[in-house]
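As structure tokens, the structure follows; a few thoughts come after it.
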Amino acid sequence: MSKPSPKILTVWRIRLTIIAIIPALALTPRHQAMTPARAVFAASFTIVYLAFFLFYLPSLYKSLSYQIDENTLVFTCGVICKKMAAMPLCSVQTVSVTSLPLCRAFGLLSLRAAAANSRLKLPGLHKKEAEALAERLKTGH
Amino acid sequence: MTENTPSALNYSLYSKSCRAHPLTILANLRHVLFLVLIPLIRGISSALARTGSYSAWLSRVWTDVLILALMLGLAVWLWLRVRLIVSLKALTLITGLFVRRTVSIPFDKAATVSFLTHFSLLPFKAVRFNTDVPGASGRKNRLSLLLWQKDADEIKRLLFCSPEKQEPMYVKESQKPGMTWCANCERLEATPSAEYRPTAGKIAALSLLTSNSFSGILYMSVFVSQSGKILGGEFSRALTGVFDRAAHFFEIFLPPLAAAFSALLLAGWAVGFMRLFLRYSGFRFVSRSGLLTACGGVFSRHERHIRRSEVLFADFRQSFTTKLLRLYSLYLCAGGVGEKKSDYSCVILTEKSARFESIRAALLPEYSPVVRQVKPDRRCFLRFIYTPAVLLASVPFVYKLLTRHLVGFDDFFAFASAMTAALALWFLAVNVADFFTSGAAFDGKLYTLRYSTGFSFHTAVILKENAALFEIKQGLFQRPGAYCDLIVRTKAARRQAHRCRSLKKTEVLRLLNIS
């Protein structure tokens, strides 16, 4: 089984931090005293953020892997609920390779394989890896 | 194409261009409906500034009349610009006024061709013609047009019959079906290899056992409210009076509120029963090489032709009642079939086990279910009964809570609790039966998945090439024992998933040939 690049973990952590900044700034009291309710909420928010940063995202990366053989593309992921998805190569209809600005900064791409009404997304691939995989999926072997 | 492909000189015999039915103008009005806002706003403002004379009124509303005429003109123009072309290669629909759109479906890509005659269209001799491709959802991948009956008949002749010594157009080229002479068309058509015509009793049994009260109630409520608007308050009051009398009848046995609710449920079920019965009356399912045809209906006549190779899966369906009675029904899913409640997706109605098997073998021999190879482990029994057991156990608590906080409805809550407990018990029985019957199998060509959803048991038989995605999911409590749920998705448009619960992961991986 192959694994995506470890840089994807860094990308997720940066994304998490960006998403967390806005509510954190909104919750920070400027000209008011810190009430007990605010303190509890801020503490909970910090704990949740750290839990995601230190435990959930690394576990998610650890669970990610993919494998392609002559017939099937297999992808595993999941922290609490483990999921393994197997897509027969003959049923793949479209293959797309995308990258968001943050992923591009780390040289990473995402590959999406779609069959009729089913989709698989493989994040955190290097360019050559993604292109080789896409080519293999397009040809069907 | 075959060696007898018609030359260019004879091409006109094998193509047909036709105009949509004029009723399409009414449908086209919806494209320009936004223009109604203008006369509406003007009408309101003119009503506010009333003057007495007719000419004064006309002088106020001439703009509205002009806009309404414009709307009608645009709808007529749109109708004139719609054309359907049926040729040897493809079905092509050209639509659009300012932005012209041509949708072309090659014959070898079309999964289903259907002709639907709703009873409201009969006086106008109009037929709804649809062509669907596999995985089609929404308007983009579907050709849909209202045609004259004679044009629809001509298209049917082009599609399913052919001039002498020609193969029917709507059959795969690689197949060489037997041909018989069709007296109606005066042409050759593919010979039916098997035909199924259920009796009225079978149709009634299907309607009886599968009617949905909820859809019946919805239908009734729309009917009553709309009839009140159209025919006046008296008619609406008369209809609701019928329900009142029915509720009073049940009051002898039940609390008043429960009686009204029961009357409503029963009426809804009766409406659902009649709708299903009328939909399947005169039902006929014909199997030809390369083509399956389902037709029937009394007031609304349906005729669907499904390319055999485009059938996504066959679903052998049972409810708990039919399981106890050993009755089976077969449903098909293809592009444009099995996606809506009004579809003719049931092709073999309720039949006894031995007769069902012989009919299925004659009509659809390729969909033969295989015995289970992977079954739920006995240690997973709790997973199956957990949800219904919790529902059943919570009924007395909810009853206590409601009677404590809402005084005066004790009788109704007692009745509702009893009904909910009965439903939960029924659900528990279904899940217990599911534990003993569910599982998965693969024989090299077909996947056979046995599972339950809600109150129904399913045996889905899926050809290997139609399986789009396999998911193996493990919840938190399944990981220690290495159990999993197997979810199989096909190319169906509805994102239908077939889920077998609590199977051994190693056995599933071996079944799917995944290392």
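The values are calculated or read from the model by the stated rules, or taken from the named source; none is laboratory data. Because the structure is predicted, anything quoted here is derived from the model rather than measured. Cβ atoms come from the backbone with ideal geometry, glycine included; neighbour counts cover every protein chain shown.
What residue, of A:SER118, A:SER110, is modelled with pLDDT of 90 or more and small (Gly, Ala, Ser)?
That would be A:SER110, the only listed residue that is modelled with pLDDT of 90 or more and small (Gly, Ala, Ser).
Among residues belonging to segment A:77-108 that are surrounded by fewer than 15 Cβ atoms within 10 Å (Cβ to Cβ) and among the hydroxyl-bearing types (Ser, Thr, Tyr), point out the one that is farthest from the chain's Cα centre (by Cα).
A:THR94
Which of the following residues is within 14 Å of chain A (Cβ to nearest Cβ), modelled with pLDDT of 75 or more and under 23 Å from B:ARG308 (Cα atoms): B:ALA111, B:ALA136?
Of the residues listed, the single one that is within 14 Å of chain A (Cβ to nearest Cβ), modelled with pLDDT of 75 or more and under 23 Å from B:ARG308 (Cα atoms) is B:ALA111.
Among the strands (runs of 3 or more DSSP E) lying completely within segment A:21-123, list those that include at least 1 residues that are within 14 Å of chain B (Cβ to nearest Cβ), touching a Leu at 6+ places or on another chain (Cβ under 8 Å) and of a type in the set (Gly, Ala, Ser).
Qualifying strands (runs of 3 or more DSSP E): A:82-88, A:109-115.
What strands (runs of 3 or more DSSP E), lying completely within segment B:419-479, carry at least 2 residues that are within 14 Å of another protein chain (Cβ to nearest Cβ) and of a type in the set (A, V, I, L, M, F, W, C)?
B:439-442, B:456-463, B:467-474
Quick one: which strands (runs of 3 or more DSSP E) lie wholly within segment B:239-329 and hold at least 2 residues that are at pLDDT 80 or above and touching a Ser or Thr at 6+ places or on another chain (Cβ under 6 Å)?
Filter on segment B:239-329 gives B:284-288, B:301-307, B:311-319.
Any chance segment A:5-16 includes a residue that's within 14 Å of chain B (Cβ to nearest Cβ), under 30 Å from B:ILE514 (Cβ atoms) and modelled with pLDDT under 95?
no
If a residue has to be in a strand (DSSP E or B), buried (at least 22 other Cβ atoms within 10 Å of the Cβ) and in contact (Cβ under 8 Å) with a residue 24 or more places away in the chain to count, how many in segment B:484-515 make the cut?
Number satisfying all stated conditions: 9.
Could you tell me whether B:LYS504 is modelled with pLDDT under 95 and at the interface with chain A (Cβ under 9 Å from one of its Cβ atoms)?
No: the conditions fail for B:LYS504.
Those residues that are of a type in the set (S, T, N, Q) and under 20 Å from A:THR72 (Cβ atoms), I need them from segment B:448-493; list them, please.
B:THR448, B:ASN466, B:GLN474, B:THR490
Test each condition in (1) touching a Pro at 6+ places or on another chain (Cβ under 7 Å); (2) charged (D, E, K, R); (3) within 12 Å of chain A (Cβ to nearest Cβ) for B:ASP411 and report the one that comes out false.
Among (1) touching a Pro at 6+ places or on another chain (Cβ under 7 Å); (2) charged (D, E, K, R); (3) within 12 Å of chain A (Cβ to nearest Cβ), B:ASP411 violates only (3).
Take the residues in segment B:480-495 that are closer than 23 Å to B:PRO388 by Cβ and not aliphatic (A, V, I, L, M), then tell me which one is farthest from the other protein chains (Cβ to nearest Cβ).
Step by step, filter segment B:480-495, then rank; the result is B:GLY481.
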